[in-house]
């Protein structure tokens, strides 16, 4: 596919880095989600964990809680990946180390996402509710 | 810049060499610090849900760790960090969206309120968890 935009057009829209306000907007949209999900999680998990393993398991297995937990982990991990990316880009000027930490940030977040989401799904599906 | 399409002046980067210390600066620094701290906190939350999914033996180990007093200090610090990042983050949304609260004195006042809120809210959460539930 040929590019229809002129070089000036791409610079106006995205700049030479080929990325514009996307990072900024995604950070804020995930923040709006977290402003709702985090208070829910704190209040809910206090009740869920009070009576030990069985009650925590029952809580996670309830469909609404499992859905909200999946949304919470997704939004939080996405938000923190964007946030730490900015911190790394701000403070680490040395090229090799900068790229290494950015890649490590991505890997760490995806590892946590796999672990957390599969745990929620295992409890939810395993409960048969 | 003549000919550029911006309709409002672009924000200048805050920098330690050109800005005198003020509360909004401190709030910004603490916002970033709490964000990085919670990044590592996410490993602990994930460890907890993995332990729950792994079965009663793994959860029992997690339970012993959580109830240790050092872990309770970490948990309280986590609550302070979350509450501060939440309150201060909502202020950022008001800045970025409807552009409310840019006046330097109001911004400083909100910064102080956010500091106070984070400690009080974390205390309320901790008290609720220990005494009310």
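Residues that are closer than 30 Å to residue B:130 by Cα and either in a helix (DSSP H, G or I) or within 9 Å of another protein chain (Cβ to nearest Cβ) (or both) do occur in the stretch A:21-32. Within the stretch A:75-129, being more than 9 Å from chain B (Cβ to nearest Cβ) and either in contact (Cβ under 8 Å) with a residue 60 or more places away in the chain or in contact with a strand residue (DSSP E or B) (Cβ under 8 Å, 6 or more places away or on another chain) (or both) holds for A:85, A:124, A:127, A:129.
Restricting the search to the stretch B:45-74, which residues are under 18 Å from the mean Cα position of the chain (by Cα) and in contact (Cβ under 8 Å) with a residue 12 or more places away in the chain? Passing the criteria: only B:74. When you check residue B:97 against the structure, is it within 12 Å of another protein chain (Cβ to nearest Cβ), under 26 Å from residue A:82 (Cα atoms) and exposed (fewer than 14 other Cβ atoms within 10 Å of the Cβ), yes or no? Answer is yes for this residue.
Just one residue in the set A:61, A:54 is within 19 Å of residue B:50 (Cβ to Cβ) and at the interface with chain B (Cβ under 9 Å from one of its Cβ atoms); that residue is A:54.
Considering each residue of the stretch A:79-92 in turn, none proves to be in a helix (DSSP H, G or I), buried (at least 18 other Cβ atoms within 10 Å of the Cβ) and more than 15 Å from the chain's Cα centre (by Cα). Number of residues in the stretch B:29-72 that are more than 10 Å from chain A (Cβ to nearest Cβ), more than 30 Å from residue B:108 (Cβ to Cβ) and part of a helix (DSSP H, G or I): the value is 9.
The lone criterion from (1) modelled with pLDDT under 95; (2) more than 30 Å from residue B:15 (Cβ to Cβ) left unmet by residue A:111 is number (1).
The values are calculated or read from the model by the stated rules, or taken from the named source; none is laboratory data. Note that the structure is predicted; figures quoted are calculated from it, not measured. Here the Cβ is made from the backbone with ideal geometry for all residues, glycine too, and neighbour counts use every protein chain on show.
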